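The values are calculated or read from the model by the stated rules, or taken from the named source; none is laboratory data. It should be emphasised that the depicted structure is a prediction, and the values quoted were computed from it without experimental measurement. Reconstructed Cβ throughout: ideal geometry from the backbone, glycine too, with neighbour counts over all protein chains shown. Surface accessibility is based on the protein's heavy atoms, side chains included, excluding ligands, DNA and RNA. Shrake-Rupley method; radii C 1.70, N 1.55, O 1.52, S 1.80 Å.
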Amino acid sequence: MSTSEETIKFDLCCAARALFRAGLSAGVAGHLSVVIADNKMLMNRFGPSFATLRPADICTFDFSGKVLEHDPGVDPYVNETIALHGVIHRYNPQITALVHTHPPAAVSWGTFRRVPEIYDQESCILAGDVGIVDEDYTGLASTEDRVRPFADAIGKYPAVILPNHGALTSGPNIQVALMRMMLLEGMCARNISVAVAAQATGLKPTPIKMVDALTAKREIANMPALPAVWKDTLQRLQRTDPELFEQRPRSAAAAD
């Protein structure tokens, strides 16, 4: 994966558009961030939805939420919810990339405050990696005291469900964080559909045993899956969002 700032900005936009196309965004809520230096991260400004995010909408912030650099053609306004990313990155220097959005199945399943069961092969990839923030929803994630439990959880688990709110995923780059968010939503959706089927039929569902899920996780990790998934994501976005690719930096194209 390329590490040039222009390429990271483009990749952030692709990840956001992919989340929108998959139905994992809500209005103009949600942020994606990538740390590029000490106390310095790239993240989308408040305003554009994931559906319309452009590289010009990605600003450089410090972890207190101050805008350090921005495209002169955009309003760099950021609301207080930027604290979510700033606090998490400050408390977790090992985390490079972070995705926060409000996926519908994760929000629904999160109301039970239970880690979802593993019912399918894809969910095995997240075996042992999903956590729950067992805190009541008390308002926007706009203050450090509200965000600190999120920071503690994502420091332990790369995929975290925020009850009555949304989800967080992390990774060494935005591609991994995106994949984990997609997998988490699929995992929650599967749990909901299995629960509905169990109620309708009276049958008892059988999840995959953790030991077997971890075996499958290791086996899948041996495949070059991530580059293939990211390449496929870009190819699909080229068809649905061609105007975004008109703004693609040369370094991004060269990295494929």
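To the nearest µm²/s, what D does Stokes-Einstein give for the stretch 81-176 at 20 °C and 1.002 mPa s, using the Kirkwood radius over alpha carbon pairs as Rh?
Stokes-Einstein gives a translational diffusion coefficient of 159 µm²/s.
Å³ per residue of the Cα convex hull, for the chain?
Given the Cα convex hull of the chain, per-residue volume reads 126 Å³.
With a 1.4 Å probe and all protein chains kept in place, how do 112, 10 rank by accessible area, largest first?
112, 10
What distance in nm lies between label points placed 7 Å from Cα along the C-beta direction at residue 6 and residue 66?
Simple spin-label model gives 2.8 nm for this pair.
If each residue of separation counts as 0.36 nm, what is the full-extension length gain between residue 199 and residue 112 once their alpha-carbon separation is subtracted?
Fully extending the segment from residue 199 to residue 112 adds 29.7 nm.
When the chain is fully extended, how far beyond the present Cα-Cα distance does residue 56 get from residue 238, taking 0.36 nm per residue of separation?
Additional length available on full extension: 63.7 nm.
Just to confirm my numbers, what's the Cα centroid distance between the stretch 128-149 and the stretch 151-226 in Å?
Result: 18 Å between the Cα centres.
Taking Cα atoms of the stretch 143-240, Rg/Rh with Kirkwood Rh, to two decimals?
Here Rg/Rh amounts to 1.03.
Taking only protein heavy atoms and a 1.4 Å probe, what accessible area per residue, in Å², does the stretch 173-225 have with all protein chains in place?
Heavy-atom SASA per residue in the stretch 173-225 reads 60 Å².
Would you work out the relative contact order for the stretch 52-134, in percent, from Cα pairs under 8 angstrom that are 6 or more residues apart?
Relative contact order of the stretch 52-134: 18 percent.
If I model a spin label as a point 7 Å beyond the Cα along the Cα-Cβ vector, how far apart are those points for residue 137 and residue 156 in nm?
The modelled label-to-label distance comes out at 2.3 nm.
If one computes the Cα centroid of the stretch 98-116 and of the stretch 52-90, what distance in Å separates the two points?
Cα centroid to Cα centroid, the span is 24 Å.
Which angle between 0 and 90 degrees, to the nearest 10, do you get for helix 144-156 versus the longest principal axis of the chain when only C-alpha atoms count?
60 degrees
Lysines near residue 209 by alpha-carbon distance under 18 Å, same-chain residues fewer than 8 away left out - which ones?
Straight-line reach from residue 209, under 18 Å: 217.
Just to confirm a number: summing +1 for Lys and Arg and -1 for Asp and Glu over residues other than residue 178 whose beta-carbon lies under 12 angstrom from that of residue 178, what do you get?
+1
Express the relative contact order of the stretch 159-256 as a whole percentage, based on alpha carbon pairs under 8 Å and six or more residues apart in sequence.
Result for the stretch 159-256 is 15 percent.
How high is the relative contact order of the chain, in percent, with contacts defined as C-alpha pairs under 8 Å that are six or more residues apart?
It comes to 22 percent, rounded to a whole number.
Per residue, what accessible area does the stretch 18-81 have, given a 1.4 Å probe and all protein chains present, in Å²?
43 Å²
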